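Computed from the coordinates by the stated procedures, all read-outs in this text should not be read as laboratory data. In this text the structure is predicted, and so the values were computed from the model without any measurement. Cβ coordinates were reconstructed from backbone atoms using ideal geometry, including for glycine residues, and neighbour counts include every protein chain displayed.
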Amino acid sequence: MGTFHQNKSELHGITVVVDTDGPEIFVGRCDDMDEERVILLDVDVHRDGEGGKSKAEYVQKAAQLGIWKKHDHLVVDRARVTSVRRLAEV
């Protein structure tokens, strides 16, 4: 039986990919999300084209090898979010 956290989103504790309408894409552990924001822990950020990789190429590599944490805690404005998906589903 797992640990249950009341008042947290269903993705709480799951590593997710948060894509935005801009060049940034985030991969981190979902702490919570609601209509206004997505709160991530242990987060890596990639900007499209950085290191010669597109967002999609970065996500594929993250799914295979994991990420390098750049931030302990990050809040993403939900208005900028185009999708949230589990990294394990990539």
Net dipole in debye of the chain [+1 Lys, Arg Cβ; -1 Asp, Glu Cβ; about Cα centre; nearest 20]:
280 debye
With unit charges on the beta carbons (Lys and Arg positive, Asp and Glu negative) and the dipole taken about the Cα centre of segment 12-90, which residue among 76, 64, 40 sits farthest to the positive side?
64
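Find the percent of Cα-Cα distances in the chain that exceed 19 Å, and round it to a whole number. Write out the running numbers ahead of the final one.
Details: 1381 of 4005 pairs.
Looking at the chain, the distances longer than 19 Å represent 34 percent of pairs.
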Check which residues have an amide H placed less than 5 Å from residue 37's amide H, if you skip close sequence neighbours.
78
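Sum -39500 (n - 2.57) across every DSSP H segment of at least 4 residues in the chain, then divide by the residue count to get the 222 nm mean residue ellipticity, nearest 500. Please report the intermediate quantities before stating the final value.
Numbers: 1 runs with 11 residues, N = 90.
Result for the chain: -3500 deg cm²/dmol, rounded to the nearest 500.
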Any chance you could give the angle, 0 to 90 degrees and rounded to 10, that helix 55-65 forms with the longest Cα principal axis of the chain?
70 degrees
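Normalising by the residue count of the chain, find the relative contact order in percent from Cα pairs under 8 Å and 6+ residues apart. Before the final figure, lay out each step's value.
On the way: 167 pairs, mean separation 30.0, N = 90.
Contact order relative to length: 33 percent.
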Once Lys and Arg get +1 and Asp and Glu get -1 on their Cβ, which of 9, 88, 26 lies farthest toward the positive end of the dipole of the chain?
88
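Considering lysine pairs in the chain that are 8 or more places apart or on different chains, how many have Cα atoms under 18 Å apart? Please report the intermediate quantities before stating the final value.
Details: 53/61; 53/69; 53/70; 55/69; 55/70; 61/69; 61/70.
Lysine pairs, 8 or more places apart or on different chains, close enough: 7.
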